[in-house]
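**Student:** I have a structure I would like to understand better, so I am pasting it below and will then ask my questions one at a time.
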Amino acid sequence: MLRLYTHASCLQHDPGSGHAESPARLKAVLHALDADRFAALDRVEAPRATREQLLRVHDAAHIDRVLGHVPDQGRHQLDPDTWLSPDSGEAGLRAAGAACAAVDAVMQGRAARAFCAVRPPGHHATRAVAMGFCLFNNVAVAAAHALEVHGLKRVAIADFDVHHGNGTQDIFQHDARVLFISSHQSPLYPETGFAHERGVGNIVNAPMPPGSGSAEFREVWDGELLPRMEAFRPQLVLVSAGFDAHRSDPLADLRLGTEDYAWITERLLGVARRHAEGRLVSSLEGGYDLAALAASVATHVAALMA
Ligand SMILES: [Zn+2]
């Protein structure tokens, strides 16, 4: 059984007209997941993350800065790319809360796996800074929740968004209980994620040059990233599922096709089945071509339902 977490406020968070991280993204995703083949999805409304959950990975000052600047009307700019609208605080809390609830559901056996169709995304948010469209680091909050509440000793985070998950790396680079593995384009925003950034041996970065496609992507995962995950024997697999490495995406220059997202999803599911009793929670990150995003998420979710 695959659970789908989302919340109406995630459609209301509005960084402004012309902004790539638009409400239309989630609208396209949810429309794709309305198709008949997804009728078996167990649809659940995402709860709010609690302050206690957020404090495991974010400074109190960061939480207060984000929630304290949510405007009554109009918009507030947190960084060059990151804006708050009146619904952004609620959306940020629901996006992080979705991932925590999804972890609870798979750990308690109420669901085998879960996909969180949420925005704002999370993987650029560091312990102290909102950036790159991200307010709270949804997947990091979920990993910390799994460690603290469910007593796990090894949680793997796989990030195939085209951008490096600098926030997730920042949060866990000194915590060997979390393995963070990422493929991403380099050079590209946020200009981190080099192979020499290894944390305490728990960070594995695979930067890929612009123009890389399916063959290079599969080689990086099969040759380096997946063997590291296997060796780590994660008790839970979390996925920062960004779909902006698609060849149609306007923000980057990798050349993946929709079928590559079925491939990576099946591979990650294989790791989860061998080591984590199949437990996998995936959360939406980037993906900015609406048609490619919708098709790629549908492929990802269909593979998770298998
Ligand atoms: Zn991205």
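**Student:** So what is the accessible area of segment 1-111 per residue, in Å², with the probe set to 1.4 Å?
**Tutor:** Accessible surface, normalised per residue, equals 46 Å².
**Student:** Do the sum for the chain: with -39,500 (n - 2.57) for every DSSP H run of n ≥ 4, divided by all residues, what is the mean residue ellipticity at 222 nm, to the nearest 500 deg cm²/dmol? Numbers along the way, then the final one.
**Tutor:** Numbers: 11 runs with 115 residues, N = 306.
Helices in the chain give a 222 nm mean residue ellipticity of -11000 deg cm²/dmol.
**Student:** Taking every pair of distinct Cα atoms and averaging 1/r, then inverting, what Kirkwood hydrodynamic radius in Å comes out for segment 1-89? If you can, show how the numbers build up before the last one.
**Tutor:** Values: mean 1/r = 0.0665 Å⁻¹.
The Cα-based Kirkwood calculation yields 15.0 Å.
**Student:** Using the heavy atoms of the protein chains alone and a 1.4 angstrom probe, what is the accessible area of segment 246-306 per residue in square angstrom?
**Tutor:** Numbers: 2040 Å² over 61 residues.
Each residue of segment 246-306 exposes 33 Å² on average to a 1.4 Å probe.
**Student:** Give me the accessible area per residue for segment 161-201, probe 1.4 Å, as a whole number in Å².
**Tutor:** On the way: 1570 Å² over 41 residues.
Heavy-atom accessible area per residue stands at 38 Å².
**Student:** Spelling out what I want: for every residue of segment 14-20, take phi, set θ = phi - 60°, compute 6.51 cos²θ - 1.76 cosθ + 1.60 (Karplus), and round to whole Hz; glycine and proline get x.
**Tutor:** 9, x, x, 5, x, 6, 4
**Student:** Ordering T265, T50, T299 from largest to smallest accessible area (1.4 angstrom probe), what's the sequence? Working shown, then result.
**Tutor:** Values: T265 0, T50 65, T299 30 Å².
My answer, sorted largest first, is T50, T299, T265.
**Student:** Run the 1.4 Å probe and let me know the accessible area of L67, rounded to the nearest 10 Å².
**Tutor:** Here the accessible area works out near 60 Å².
**Student:** Carbon-plus-sulfur fraction of the accessible area of the chain, 1.4 Å probe, in percent? Working shown, then result.
**Tutor:** Details: 5550 of 11030 Å².
Ligands and nucleic acids excluded, carbon and sulfur reach 50 percent.
**Student:** Sticking with the crude label model, points 7 Å out along Cα→Cβ, report the distance from L251 to V149 in nm, one decimal please.
**Tutor:** Label at L251, label at V149, 2.7 nm between them.
**Student:** At 1.4 Å probe size, with no ligands or nucleic acids counted, give the accessible surface of D14 in Å², nearest ten.
**Tutor:** 50
**Student:** Considering the alpha-carbon set of the chain alone, what are its Rg and its Dmax in angstrom?
**Tutor:** 17.1, 50
**Student:** Return the long-range amide H neighbours of L78 (sequence gap of 5 or more, or a different chain), with a cut-off of under 5 Å between placed amide H atoms.
**Tutor:** For L78, whose amide H was placed from the backbone, the distant partners under 5 Å are W83, L84.
The values are calculated or read from the model by the stated rules, or taken from the named source; none is laboratory data. Every value quoted in this text rests on a predicted model; they were computed, and no experiment measured them. Every residue, glycine among them, receives a Cβ derived from its backbone with ideal geometry; neighbour counts consider all protein chains shown. For accessibility, only protein heavy atoms count, side chains too; no ligands or nucleic acids. Shrake-Rupley method; radii C 1.70, N 1.55, O 1.52, S 1.80 Å.
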